[in-house]
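Novice: What follows is a single structure, and I will ask about it in a moment.
The values are calculated or read from the model by the stated rules, or taken from the named source; none is laboratory data. Just so it is clear, the structure is predicted and the values come from calculations on it, not from any experiment. Here Cβ is always computed from backbone atoms with ideal geometry, including for glycine, and neighbour counts include all displayed protein chains. Calculation scope for accessible area: heavy atoms of the full protein, side chains included, ligands and nucleic acids excluded. Shrake-Rupley method; radii C 1.70, N 1.55, O 1.52, S 1.80 Å.
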Amino acid sequence: MTETERQIFNLEGDIYVLNMHLKHEQSNSKYDLSKSSDEKQKSIARLKTRITGKQIEIQKLKQQL
């Protein structure tokens, strides 16, 4: 496995974890700590931004292969 392939693999793992966090934030569970709607929306927006950034990194790395 080359360095680039390893980086892609790690980024895909990061995206998987971020997607799990995103699903958790979007669900309404009675066990969640109380967050205001505004805080929840900001958290969701941050997660989506991080996912998009990592997807862009993957695309750039795949072009290098």
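For (1) open to solvent by 50 Å² or more (accessible area, probe 1.4 Å); (2) in contact with a Ser or Thr (Cβ under 6 Å, 6 or more places away or on another chain); (3) assigned to a helix (DSSP H, G or I); (4) of a type outside the set (Gly, Ala, Ser), each residue gets a yes or a no:
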position: His21; (1), (2), (3), (4): yes, no, yes, yes
position: Glu25; (1), (2), (3), (4): no, yes, yes, yes
position: Ser34; (1), (2), (3), (4): yes, no, no, no
position: Glu39; (1), (2), (3), (4): yes, no, yes, yes
position: Lys42; (1), (2), (3), (4): yes, no, yes, yes
position: Leu47; (1), (2), (3), (4): no, no, yes, yes
position: Arg50; (1), (2), (3), (4): yes, no, yes, yes
position: Ile58; (1), (2), (3), (4): no, no, yes, yes
position: Leu61; (1), (2), (3), (4): no, yes, yes, yes
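Novice: Additional query: Among the residues of segment 16-26, is there at least one that is among the aromatic types (Phe, Trp, Tyr) and under 21 Å from Lys62 (Cα atoms)?
Specialist: Of the residues in segment 16-26, the ones among the aromatic types (Phe, Trp, Tyr) are 16.
The next check asks that each one be under 21 Å from Lys62 (Cα atoms); those that pass are 16.
Checking segment 16-26: at least one residue is among the aromatic types (Phe, Trp, Tyr) and under 21 Å from Lys62 (Cα atoms).
Novice: Any residue in segment 40-60 that's touching a residue at least 24 places away in the same chain (Cβ under 8 Å): show its pairings with residues that are assigned to a helix (DSSP H, G or I) and open to solvent by 40 Å² or more (accessible area, probe 1.4 Å) at Cβ separation under 7 Å, as long as the two are six or more apart or on different chains.
Specialist: Every condition considered, the pairs that remain are Leu47/His21; Ile51/Asn19; Lys54/Asp14; Ile58/Glu12.
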